[in-house]
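J.: Okay, here's the structure, questions in a sec.
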Amino acid sequence: MRRYLRVLVLCLGCGFCSLLYSLNQFAVSLEEEESGDGGKLKAAAASWLTVSEGIAGKGARSVGPKESPGGSHRYRLMKTQPSDTMHLAVVACGERLEETITMIKSAIIFSIQPLQFHIFAEDQLHHSFKNILDGWKFLQTFNYIIYPITFPTENAAEWKKLFKPCASQRLFLPLILKEVDSLLYVDTDILFLRPVDDIWSLLKKFNSTQIAAMAPEHEEPRIGWYNRFARHPYYGKTGINSGVMLMNMTRMRRKYFKNDMTTARLQWGEILMPLLKKYKLNITWGDQDLLNIMFFHNPESLFVFPCQWNYRPDHCIYGSNCREAEEEGIFILHGNRGVYHDDKQPVFRAVYEALRNCSFEDDKVHSLLHPLELELQKTVHTYCGRIHKIFMKQLTKSIRDNYVRSSKER
């Protein structure tokens, strides 16, 4: 009798395992069906209002929700997996076309992994972006999508005029680019002096609570703006600058934020408008101020990277105050205050014009480095020009590393 019971238990166990295996295979098949063509049609260009209204529907080289993101109308990202692609976003309005193109060029020149650019631009700029970027498709190292400027229907005009035209668009990137996990946002007046890959790698240094990374607004409190003039909460001792913002957007969408408006924690899409309503009479720098307020209440969520990743005129116009840049050079140059286009800080303008004028086919040593060195020597009458070597240090290394990589690939 005992023998029969053992056989019965064994049979029941085998039957149960078979049932589990069958259910698992059924679930896998359902997932594969859902991630097939129907899943692909969801695309990266998610609509702000409804999925049926493609946010990128207006723009040249734009991908709407009814287009396959891997279709023939977009040129490729080599033979790489999606996880190898670095996503970079920029918002361009007014007369920012040239600046944006120069920023994109600097990112492409030095970067190693493929780049996916998300370009948010006013409608009249779409055609110009398309014409220029399509002329670079022989590089086969990047993709781009052009989106219209899009704000929530309610209060759209208020968001658009906040600080500079369209600047607050960056606040809504986690809600618009729903299919993008991580993103590097930069202002149009950014120049990469080393590969985007290097700042992208900082995502791996985030701890479990950190959702974004930015640099301090100032290194020297005596010339700091927030600690002297702000009428609202701000992060740390001198605030943060949002011109270079690295984001884990999956975490941003999931997080519930502490705030000073309600005891309840609010998600990203819920907190923006209440913040604007409470502080709109007290903020000067628009969306950057709102980010400072958010991270004041949630300091554990911010990864702070050194000033060399967001080097601005404030770091040298009154004397050098970015120690990391003095030691290792400038990694990312931020020409705010319009210094690329006037004569107030000629060292910034010289770097900008050198990158704007160089072409992808040129020998970078003779066409970029040597002429720039000569121009920088003319800027020593300014505080920033006196330390012009820190503007060349990383740029020289990046070009040398590029040559080494190219030689190995031949």
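J.: Looking at the stretch 131-151, which of its residues are under 20 Å from the mean Cα position of the chain (by Cα) and assigned to a helix (DSSP H, G or I)?
T.: Answer for the stretch 131-151, where residues must be under 20 Å from the mean Cα position of the chain (by Cα) and assigned to a helix (DSSP H, G or I): just L133.
J.: Looking at the stretch 208-323, what strands (runs of 3 or more DSSP E) fall wholly within it and have at least 2 residues that are closer than 28 Å to L193 by Cβ, at pLDDT 95 or above and charged (D, E, K, R)?
T.: Per the criteria, no element qualifies.
J.: With a cut-off of at least 3 residues that are within 28 Å of the chain's Cα centre (by Cα), name the helices (runs of 4 or more DSSP H) lying wholly within the stretch 338-408.
T.: In the stretch 338-408, the matching helices (runs of 4 or more DSSP H) lie at 346-357.
J.: Take the residues in the stretch 187-210 that are closer than 21 Å to A167 by Cα and in contact with a Phe, Trp or Tyr (Cβ under 9 Å, 6 or more places away or on another chain); name whichever of them is surrounded by the most Cβ atoms within 10 Å (Cβ to Cβ).
T.: Only one residue fits best here, namely F192.
J.: Then there is this: Please identify the pairs in which a residue from the stretch 348-362 that is open to solvent by 60 Å² or more (accessible area, probe 1.4 Å) has its Cβ atom under 7 Å from the Cβ atom of a residue that is among the polar types (S, T, N, Q), counting only partners at least 6 apart or on another chain.
T.: Here the result reads R356/T102, each pair linking the stretch 348-362 to a residue that is among the polar types (S, T, N, Q).
J.: Among the residues of the stretch 296-323, write down those that are open to solvent by 40 Å² or more (accessible area, probe 1.4 Å) and closer than 23 Å to S106 by Cα.
T.: Listed by number, the list holds a single entry, P306.
J.: Go through the stretch 86-139 residue by residue and tally those that are open to solvent by less than 10 Å² (accessible area, probe 1.4 Å) and among the small types (G, A, S).
T.: Of the residues in the stretch 86-139, 5 are open to solvent by less than 10 Å² (accessible area, probe 1.4 Å) and among the small types (G, A, S).
J.: A further question follows. Are there any pairs, at least 6 apart or on different chains, whose C-beta atoms fall under 9 Å, with the first in the stretch 188-199 and under 14 Å from G243 (Cα atoms) and outside any loop (DSSP other than H, G, I, E, B) and the second of a type in the set (S, T, N, Q) and open to solvent by less than 10 Å² (accessible area, probe 1.4 Å), and if so, which?
T.: I190/S106; I190/N310; L191/T102; L191/S106; F192/S106; F192/S398
J.: Here's a check for you: in the stretch 238-266, which residue that is exposed (fewer than 15 other Cβ atoms within 10 Å of the Cβ) and of a type in the set (A, V, I, L, M) is farthest from D181 (Cα to Cα)?
T.: M261
J.: Determine whether L183 is of a type in the set (A, V, I, L, M, F, W, C) and open to solvent by 10 Å² or more (accessible area, probe 1.4 Å).
T.: no
J.: Pick from the stretch 270-283 the residues that are within 23 Å of the chain's Cα centre (by Cα) and open to solvent by 10 Å² or more (accessible area, probe 1.4 Å): which of them is farthest from I240 (Cα to Cα)?
T.: The qualifying residue farthest from I240 (Cα to Cα) is E270.
J.: Mind checking whether some residue in the stretch 373-386 is surrounded by 12 or more Cβ atoms within 10 Å (Cβ to Cβ), closer than 21 Å to D189 by Cβ, in contact with a Cys (Cβ under 8 Å, 6 or more places away or on another chain) and touching a residue at least 40 places away in the same chain (Cβ under 8 Å)?
T.: Yes, there is a match, as at least one residue in the stretch 373-386 is surrounded by 12 or more Cβ atoms within 10 Å (Cβ to Cβ), closer than 21 Å to D189 by Cβ, in contact with a Cys (Cβ under 8 Å, 6 or more places away or on another chain) and touching a residue at least 40 places away in the same chain (Cβ under 8 Å).
J.: Right, something else. Out of the stretch 352-388, which residues are of a type in the set (K, R) and within 21 Å of H341 (Cα to Cα)?
T.: Residues satisfying the conditions are R356, K378, R386.
J.: Looking only at the stretch 211-237, which residues are more than 20 Å from D260 (Cα to Cα) and open to solvent by 10 Å² or more (accessible area, probe 1.4 Å)?
T.: Correct list: P216, E217, H218, E219, E220, P221, R222, I223, W225, R228, F229.
The values are calculated or read from the model by the stated rules, or taken from the named source; none is laboratory data. All figures in this text were calculated on a predicted structure; none of them were measured in a lab. Glycine gets a Cβ as well: all are built from the backbone with ideal geometry, and neighbour counts include every protein chain shown. Surface accessibility is based on the protein's heavy atoms, side chains included, excluding ligands, DNA and RNA. Shrake-Rupley method; radii C 1.70, N 1.55, O 1.52, S 1.80 Å.
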